[in-house]
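The values are calculated or read from the model by the stated rules, or taken from the named source; none is laboratory data. Because the structure is a prediction, the values reported are computed rather than measured. In this analysis, Cβ positions are derived from the backbone assuming ideal geometry, glycine residues included, and neighbour counts consider all displayed protein chains. To get the accessible areas, we keep the full protein, side chains included, count just its heavy atoms, and leave off ligands, DNA and RNA. Shrake-Rupley method; radii C 1.70, N 1.55, O 1.52, S 1.80 Å.
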Amino acid sequence: MSDLIAAVATAPGAGGVGILRLSGPKAAETAARVFRPARKISLAEAPDRQLLYGSVLDKEGRVIDNGLAFVSRAPHSYTGEETAELQCHGSPMVLSLALEALFAAGARQALAGEFTKRAFLNGRLDLTQAEAVIDLIDAETPAAARQAAGRLEGTLSRKIREIYDGLVDVSAHFHAVLDYPDEDIDPFREETIRTALDRGLTATANLLATYDRGRQLTSGVPTTILGRPNVGKSSLLNALVGYDRAIVTQIPGTTRDTIEAKASVGGVLLNLTDTAGLRETGDEAERLGVQRSRAAAEEARLVLLVLDGAEGLTQEDGQAIALAREAPACICIVNKSDLPPVLDMDALAKDFPHICQVSAKNNAGLEALGPMVAKLFPTGSGSEGEALLTNARQVEAVTRTRENLLRAQEGLEMGVPPDLLLTDIEGALDALGEVTGTTVREDITGRIFQRFCVGK
Ligand code: GDP
């Protein structure tokens, strides 16, 4: 299999600009077979990162477009290898013909994430940075994009390195004392290990505590829309998402299953679940829906409790209110503000500090929801420079680091000999190294890069 990879780096479909990327041996020479510069200079001899204007060719050498191209030689490129990039018009036909020409010239199709994988393998990025690339591409709120950009610049990597270095110091000292008994090395003091372990334990605990916010930024806040049938839950979901995701009908109990959608509200990504109305029913399908809505409400970090402002409270509203009260956070949404008001807002305000009157059908009053959500989940700003854990892989590795450190701490208190403590400290280092990929587990890295789109 050729080591020279090529792919269309821009999203599928027609667009203003389309980009083809190449990475590997002879990338410049191969790209030069598909691109003829207007000036008398070959792409293969062009200086690094200098844009050339010229014609894009198909595999028979016929002109199919004009555009720009540049080369970047090792090691100063994204992948750390020799790379070339062709920028043409975003025509799927042009891109496909140019790619075919690159294949004919010796390149092969890149696999998903292969460019970034090479960047990792060549030490241009660590694993947290590679994951940040995916998160940046997938970011759905400005805060998520800024967080990912921060990680790409190394916020998390630096934090991990700081903890790592503190532990490496201890382990290096150990080795020095044990391996060179004749040298005049400071003897090992229990206090030094104790301090290093304490520091490591505090730092890893602090890091694990960031996961809630990190996950919130990248995956969204689990949010359940709760209320009796026909209060306007589906209408609210549609208004928040901005298109008709849920079917809105006048027959109570239409939303039998749960519907999920994402919406950015007040700069916070909400993972919305529209539940079946809470009502006792004989209809089996609806009964299952009700069960699911209870489950969704129990898992939610935020409940949007919907009430019909134009009708008095019913027993079913009472059930929804009771469930909503148990949620970690709740906003009460009094819907149908376009109709004459019936509900006693003052009485409701006593129960719900966050309350907002809207007309979901008319898309009115929803702007008040943004500041409430932003206040309840303040990840919108200030977190970009902070090292946050954002996925389960990182959490698992940091948790294992802590387990090792705790074992070492326990051993220390029990008077276990230093060389045995070292095993746990080195276990902690191994686990911590997995976060950035210093200690690589093939199966895990493989999975990370599979999440990429081709061309990244
Ligand atoms: P769900 O059963 O709680 O999901 O409620 P739907 O969203 O399906 O809405 C039930 C009915 O209420 C439909 O006929 C909607 O058009 C109507 N509805 C929803 N929101 C509003 C609103 O803000 N004002 C009025 N007047 N009707 C609404």
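Before moving on, here are some points about what is shown:
- Qualifying position, being touching a helix residue (DSSP H, G or I) at 6+ places or on another chain (Cβ under 6 Å) and touching a residue at least 24 places away in the same chain (Cβ under 8 Å), among Gln109, Gln129: Gln129
- Residues that are open to solvent by less than 40 Å² (accessible area, probe 1.4 Å), more than 19 Å from Ala329 (Cα to Cα) and at pLDDT below 85 number at least 1 in the following strands (runs of 3 or more DSSP E) confined to the range 198-274: 259-265.
- Filtering the range 351-363 to residues that are open to solvent by less than 40 Å² (accessible area, probe 1.4 Å) and near the ligand (Cβ under 9 Å from one of its atoms) leaves Val358, Ser359, Ala360.
- Residue check for Glu162: in contact (Cβ under 8 Å) with a residue 24 or more places away in the chain and either in a strand (DSSP E or B) or not assigned by TED's automatic domain parsing to the domain that holds Thr436 (or both): no
- Check on Ala74, small (Gly, Ala, Ser) and in contact with a Leu (Cβ under 6 Å, 6 or more places away or on another chain): no
- When residues in the range 33-69 are screened for being touching a helix residue (DSSP H, G or I) at 6+ places or on another chain (Cβ under 9 Å), touching a residue at least 12 places away in the same chain (Cβ under 8 Å) and within 21 Å of Pro92 (Cα to Cα), 13 of them pass.
- For the range 179-191, the criterion of being at pLDDT 85 or above and either out of contact with any strand residue (DSSP E or B) (no Cβ under 8 Å at 6 or more places or on another chain) or within 15 Å of Val435 (Cα to Cα) (or both) is satisfied by at least one residue.
- A single entry from Gly13, Gly18, Gly61 fulfils the requirement of being more than 22 Å from Glu114 (Cβ to Cβ) and not in a helix (DSSP H, G or I): Gly61.
- Scanning the range 47-58 for residues that are in a strand (DSSP E or B) and either open to solvent by 60 Å² or more (accessible area, probe 1.4 Å) or in contact with a Ser or Thr (Cβ under 6 Å, 6 or more places away or on another chain) (or both) gives a single hit, Tyr53.
- Qualifying residue in the range 168-190 (condition: within 31 Å of the chain's Cα centre (by Cα) and closer than 30 Å to Arg124 by Cβ): yes
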